[in-house]
Amino acid sequence: MAGLMVGDNRGGHRCTLEDVCAVPLPVATRSYNPVANGQLVDMVQSVARSVYDVPDDALELSLALSGKDQQMFGALAINADAVTDARFDSSMTIVFRNSYNKSLSLALAGGAHSWICSNLQISGEIIELRKHTTNIWDDLRDLIERVVCGAKGDFLKSMRVAEALSAVGMSYDECYRFVGLALGHKVLRAQQASVVFKELESPSHEEHRPMNAWSLYNHFTEGLKRSPAGEAMSRHQRVTQFFGHQFALGQNTPQPAGLLN
């Protein structure tokens, strides 16, 4: 579960690259140096292409605007062999944000579970942020490279967890007991648990039909889609921790993702 989340009550809306580039860039001052939306997007894509040696069509870009179009946020899925696992239909995702109204620092995050939503809360295993000071251009590319390169390790670790969970067969009764345990520990809300039960009976995705712990994890992910965007991120972290603890994955379990406002 990663990428761009739009649809809460904070006014965010999906848009095109042309839309984010059309927003007028504010004037720089002695202490403030804005970064053009188009330049940031181009740099993220350029670094991804260079690091993973992929063409443009291997990059899936999603963009949105909020705050009267003065805040931009987006996600870039990198479909390169090094950070893609077809078995689990997963690609590493880099998320990022920018602002023209001095309300937020520029920020990027990456990993297997990196998110950004309409309230500009950003989550990921690798996070970097930078204020729009006059010398921002001195280290912006290095910052982007740290996220794009550093997120690979977390992605591969998460895929090892997926493989481990796939090897754990589960009966319906075991799944039902596990959902009850998640409810008791407040990992799921009742409405989310009902979605998990429906997914067990009739999975939304054919690849999640096998009765194992990985399919159950993905059923939980479907249930979390019933959460507000900001809450869904923190709940997803709790679900990941919960599965890691219950199945004794130990050092193979990804560490809880960071979270920044």
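All of the numbers you see were taken from the coordinates with simple rules; none came from a lab. Since we're looking at a predicted model, the values are computed, not measured. Cβ sites come from the backbone with ideal geometry, for glycine too, and all protein chains shown count toward neighbours.
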*Quick one: which residues, 5+ away or cross-chain, put their amide H under 5 Å from the amide H of Asn212? H built at 1.01 Å from N.*
Met170
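Report the extension gain between Tyr176 and Asn212 in nm, rounded to one decimal, defined as 0.36 nm multiplied by the number of residues separating them, less their alpha carbon distance.
Values: separation 36, 0.36 × 36 = 12.96 nm, distance 1.25 nm.
Extending this stretch completely gives an extra 11.7 nm.
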*Mind checking which of Ser166, Ala151, Leu181 is farthest towards the positive end of the stretch 121-199's charge dipole, using Cβ charges of +1 (Lys, Arg) and -1 (Asp, Glu) about the Cα centre?*
Leu181
*Who wins for biggest fluctuation among Ser166, Ser204, Ser46 in a Gaussian network model of the chain, springs between alpha carbons below 10 Å?*
Ser204
*Among the listed pairs Lys102/Lys152; Lys102/Lys225; Lys157/Lys225; Lys131/Lys157; Lys131/Lys152; Lys152/Lys186, give every one whose C-alpha distance is greater than 29 Å.*
Lys102/Lys152; Lys102/Lys225; Lys131/Lys157; Lys152/Lys186
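For n ≥ 4 DSSP H runs only, could you compute -39500 (n - 2.57) per run for the chain, divide by its residues and tell me the 222 nm figure to the nearest 500?
Details: 7 runs with 104 residues, N = 261.
Result for the chain: -13000 deg cm²/dmol, rounded to the nearest 500.
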*Sequence-distant residues sharing a close amide H with Cys15 (under 5 Å, placed H)*: Leu63, Ala64, Leu65
_Can you compute 3J(HN,Hα) from phi for each residue in the stretch 94-111, using the Karplus curve 6.51 cos²θ - 1.76 cosθ + 1.60 with θ = phi - 60°, rounded to whole Hz and x for Gly and Pro?_
9, 10, 7, 8, 8, 9, 10, 10, 6, 7, 9, 6, 5, 8, 9, 8, x, x
*Residue by residue, what Karplus-based ³J(HN,Hα) values in Hz, rounded to whole numbers, does the stretch 64-73 have, using 6.51, -1.76 and 1.60 with θ = phi - 60° and x for Gly and Pro?*
8, 10, 8, x, 6, 6, 8, 10, 10, 9
*Mind putting a number on the dipole of the chain about its Cα centre? Charges go on the C-beta only, +1 for Lys and Arg and -1 for Asp and Glu, and I need it in Debye to the nearest 20.*
1020 debye
*Ile127, Ile122, Ile116 arranged by Cβ crowding within 10 Å, fewest neighbours leading*: Ile127, Ile122, Ile116
*How far apart, in nm, are the 7 Å Cα→Cβ label points at Asp57 and Phe197?*
4.6 nm
*Within a Gaussian network of the chain (alpha carbon springs, distance under 10 Å), most fluctuating of Ser114, Ser123, Ser62*: Ser62
*Nearest-ten-degree value, helix 229-246 long axis tilted from longest Cα axis of the chain*: 40 degrees
*Can you give the angle from 0 to 90° between the axis of helix 172-184 and the longest principal axis of the chain, with both taken from C-alpha atoms, to the nearest 10?*
50 degrees
*For Ser114, which sequence-distant residues (separation of 5 or more, or a different chain) have an amide H within less than 5 Å of its own amide H, given hydrogens modelled in the peptide plane?*
Gly3, Thr93
*Helix 37-52 versus the longest principal axis of the chain: what is the Cα-based angle in degrees, 0 to 90, to the nearest 10?*
60 degrees
_Quick check for me: using +1 on Lys/Arg Cβ and -1 on Asp/Glu Cβ, what's the dipole size of the stretch 91-148 about its Cα centre, in debye to the nearest 20?_
240 debye
